Amino acid sequence: MPMPPVKRVLLKLSGEVLMGDQQFGIDPKFVSELAKEVKAAKETGLEICLVIGGGNIFRGMAGAAQGMDRAQADYMGMLATVMNALAMQSALEQLGVPTRVQSAIQMNEVCEPVVRRRAERHLEKGRIVIFAAGVGSPYFTTDSGAALRAAEMRCDALLKGTSVDGVYDSDPKKNPAAKRFDTVSYDRVLADNLKVMDASAVALCRDNAIPIVVFSIREKGNLARVLAGEGVQTIVQKEA
Ligand code: UDP
């Protein structure tokens, strides 16, 4: 299945890919490597919106499982995504790539608030816009934040860079016979509860006809290969 033609994309990176080989937190060397991949993608002429998760630092569900108030824990998770966004901004700017961070939770000393028209202008000027703090509300994830920003910024695709190279019919870590889909419909993902993104994010992409491209960001050069239609990925889209 070929990559859909894209001019503007939303790239969602799980927080865990910022840890590199660490168990927790941010590995600046690894973030710098990721930034090089993003820079190379931008140099092909793409407009790029970025959303980075926070799972390398804090996940609300994990806090709640240990007895914290869920909403409070989710706010901590959102703050973690802001830290990741700032780390990526710094890495990109060290490579000479202009960026702006816009956070769904206002923190004016650190970054801009989310303002769609302003984000538009940044993209026109060749800046990468990093959207932080998800949708700004607890009980959501950065996948939903990514789907929301992809819809409002009218992105041609949501690229989900993660640790696995696509969507499988069962967990490839547990089942060696698991089969990777080249393409799969939104409805199948939802009906079979396939591990792509949370259901609200998938439904938002479906309702706005935004293809979701799931690929491994851990392999060097893979983002460029996927964009050039030469990579390994799964495309979640409408039934053909
Ligand atoms: N979060 C939230 N609302 C949002 C986005 C994120 O409450 O709109 C919180 C939630 O606790 C989540 C954490 O931030 O667990 C980190 O985000 P996520 O788990 O999506 O990160 P990823 O798995 O992509 O690293």
**Asked** On alpha-carbon atoms, Rg over Rh for region 1-130 using Kirkwood Rh?
**Response** 1.00
**Item:** Karplus-derived HN-Hα couplings along region 102-108 (A = 6.51, B = -1.76, C = 1.60, θ = phi - 60°), whole Hz, x at Gly and Pro
**Value:** 10, 10, 6, 10, 5, 8, 4
**Asked** Where q = 0.19, 0.21 Å⁻¹, what log10 of I(q)/I(0) comes from the Debye formula for region 1-63, counting one point per Cα?
**Response** -0.79, -0.89
**Asked** In a GNM of the chain with a 10 Å cut-off on Cα contacts, which of 15, 25, 229 has the highest mean-square fluctuation?
**Response** 229
**Asked** Percent of alpha carbon pairs in region 43-115 separated by more than 15 Å?
**Response** 60 percent
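Compute the Kirkwood hydrodynamic radius of the chain, taking the inverse of the mean of 1/r over all pairs of distinct Cα atoms, and give it in Å to one decimal.
17.8 Å
At 1.002 mPa s and 20 °C, plugging the Kirkwood radius over alpha-carbon pairs of region 118-240 into Stokes-Einstein gives what diffusion coefficient in µm²/s?
Once the numbers are plugged in, D ends up at 141 µm²/s.
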**Asked** Ordered by residue, what ³J(HN,Hα) values in Hz, to whole numbers, does region 81-87 give under the Karplus form 6.51 cos²θ - 1.76 cosθ + 1.60, where θ = phi - 60° and Gly and Pro are x?
**Response** 5, 5, 4, 5, 4, 5, 5
**Solvent-accessible area per residue for the chain (1.4 angstrom probe, square angstrom)** = 47 Å²
**Prompt:** For the chain, modelled as a Gaussian network with Cα springs under 10 Å, which listed residue fluctuates most, 28, 172, 211?
**Reply:** 172
**Prompt:** Accessible area of residue 83, 1.4 Å probe, to the nearest 10 Å²?
**Reply:** 100 Å²
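What ranking of 168, 186, 75, 139 comes out by heavy-atom accessible area, probe 1.4 Å, highest first?
139, 75, 168, 186
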**Request:** Leaving ligands, DNA and RNA out of it, report the carbon-plus-sulfur percent of the accessible area of the chain at a 1.4 Å probe.
**Result:** 51 percent
**Prompt:** In region 6-36, which trypsin sites (Lys or Arg not before Pro) are in a loop and have at most 15 other Cβ atoms within 10 Å, using DSSP for the loop call?
**Reply:** 7
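The values are calculated or read from the model by the stated rules, or taken from the named source; none is laboratory data. The shown structure was predicted, so the numbers you read here are calculated from the model rather than taken from an experiment. Positions of Cβ are generated from backbone atoms using ideal geometry, with glycine treated the same way; all protein chains shown enter the neighbour counts. Please note that ligands, DNA and RNA were not included when accessible areas were found on the heavy atoms of the full protein model with its side chains. Shrake-Rupley method; radii C 1.70, N 1.55, O 1.52, S 1.80 Å.
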